[in-house]
Amino acid sequence: MKKILIGLVLICALFAQVAYGADISTTFAWEQSLAQPVASWDVFRGTSATGPWTLLKNQAYYALTGGATEYQTTSLVTVADSAQTTVWFKAQTLGTNGLRSVDSGIISKVYDTRVAPVAPAGFRVVTP
């Protein structure tokens with residue numbers, strides 16, 4: 001019986017440690033000078049404007065078509081479920097010569113995964 005109780009406590013502790021997250025599809029767009037040949041772009045995410053930074057996506061170079069003037073890529077961004085979370089992003093260009101650009105401007109986005117309660121149904125004034 002004691003082993004079963006300890007096992008249940010461990011299982012409960014395991015589930016208490018699990019953090020749930022929401023995956024939000026996010027599209028990034030930028031303009032790029034092609035003065036030097038481009039191989040790809042790295043998009044990074046951070047927990048603050050100063051990092052730490054983790055690679056979110058590497059987008060291989062592609063030619064713009066149909067009069068497009070900016071490049072785009074889409075990635076899933078995981079944020080806390082039922083919360084407001086600010087995530088910072090930056091990008092770097094990788095050249096075909098193996099060199100990397102300096103950071104782009106740093107931008108932020110607030111993701112709000114909170115869900116409002118349902119409004120009361122049948123709300124009315126009752127006269128006596």
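Measuring gaps between exposed loop sites in the chain (trypsin sites (Lys or Arg not before Pro); DSSP loop; at most 14 other Cβ atoms within 10 Å), the longest gap, sites not included, is 1-113. If R0 is 41 Å, the Cβ-Cβ spacing of residue 72 and residue 123 corresponds to a FRET efficiency of close to 0.40.
Sparsely packed loop sites in segment 78-128 (the chymotrypsin sites (Phe, Trp or Tyr not before Pro) outside DSSP H, G, I, E and B with at most 11 other Cβ atoms within 10 Å) comprise 123. For segment 51-63, backbone phi angles converted through the Karplus equation (6.51, -1.76, 1.60; θ = phi - 60°) give residue-by-residue couplings of x, x, 9, 10, 5, 8, 7, 10, 9, 5, 4, 9, 7 Hz, Gly and Pro being listed as x.
Along segment 84-96 the Karplus relation, 6.51 cos²θ - 1.76 cosθ + 1.60 evaluated at θ = phi - 60°, assigns HN-Hα couplings of 9, 10, 9, 10, 9, 9, 8, 9, 9, 9, 10, x, 5 Hz to successive residues, with x for each Gly and Pro.
Using the Kirkwood formula on the Cα atoms of the chain, what hydrodynamic radius do you get, in angstrom to one decimal?
18.8
Every number here is computed from the coordinates shown, using simple stated rules; none is lab data. Note that the structure is predicted; figures quoted are calculated from it, not measured. Cβ atoms come from the backbone with ideal geometry, glycine included; neighbour counts cover every protein chain shown.
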